[in-house]
Amino acid sequence: MMLRLLKVRGHSLFPDFRDGDYILAAGTPFPSGKIRAGDVIVFRQPGYGLLVKRVHQVLEDGLSFIVCGTQVESTDSRNFGPVHSDQVDGKVIWHIRQNQYRKETMRT
């Protein structure tokens, strides 16, 4: 299993994920099994690049997903259709919010 630390850019999953947050994504095989509705995935979409979205629905074939953002203007399956499992780079297993990683100064 490969792990990737990625920085969130954009507001399509606001307020759950904010611009500048970090996510840790696990590659296949996923530690928690199959992708399910509600999971947040990282995938490559032709014409859009690397995206992070929440799975809204797993289609009957079990290999395709309808993904969505939380904002009306989000670029998601409404724009490009279902995401196929071979496009998925990882499943988000940890979310680090901006306010969780304050830089602290130490005096010696």
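Any read-out appearing in this document is the output of simple, stated calculations on the displayed coordinates, not a laboratory observation. Quick caveat: nothing in here was measured; it's all calculated off a predicted structure. With ideal geometry, Cβ positions are generated from the backbone for all residues, glycine too; neighbour counts draw on all protein chains shown.
Some notes on this structure:
- Using C-alpha pairs below 8 Å separated by at least 6 residues, the relative contact order for the chain is 30 percent.
- Neighbour counts of C-beta atoms inside 10 Å place ILE35, ILE93 in the sequence ILE93, ILE35, starting with the fewest.
- Calculated [θ] (222 nm, deg cm²/dmol) that DSSP helices of n ≥ 4 give over the chain, each run adding -39,500 (n - 2.57): -500 deg cm²/dmol
- Burial ordering of VAL92, VAL67, fewest other beta-carbon atoms within 10 Å first: VAL92, VAL67
- Lysine pair number, Cα distance threshold 18 Å (strictly under), the chain, separation 8 or more or different chains: 6
- Computed from backbone phi, the HN-Hα couplings of region 57-68 come to 8, 9, 6, 4, 5, x, 10, 10, 9, 8, 10, 8 Hz, rounded to whole numbers (Karplus: 6.51 cos²θ - 1.76 cosθ + 1.60, θ = phi - 60°; Gly and Pro given as x).
- Counting beta carbons within 10 Å around each of ILE96, ILE23, ILE66 and listing the fewest first gives the order ILE96, ILE66, ILE23.
- Residue range of the chain that is longest and free of chymotrypsin sites (Phe, Trp or Tyr not before Pro) which are both DSSP loop and sparsely packed (at most 13 other C-beta within 10 Å): 49-100
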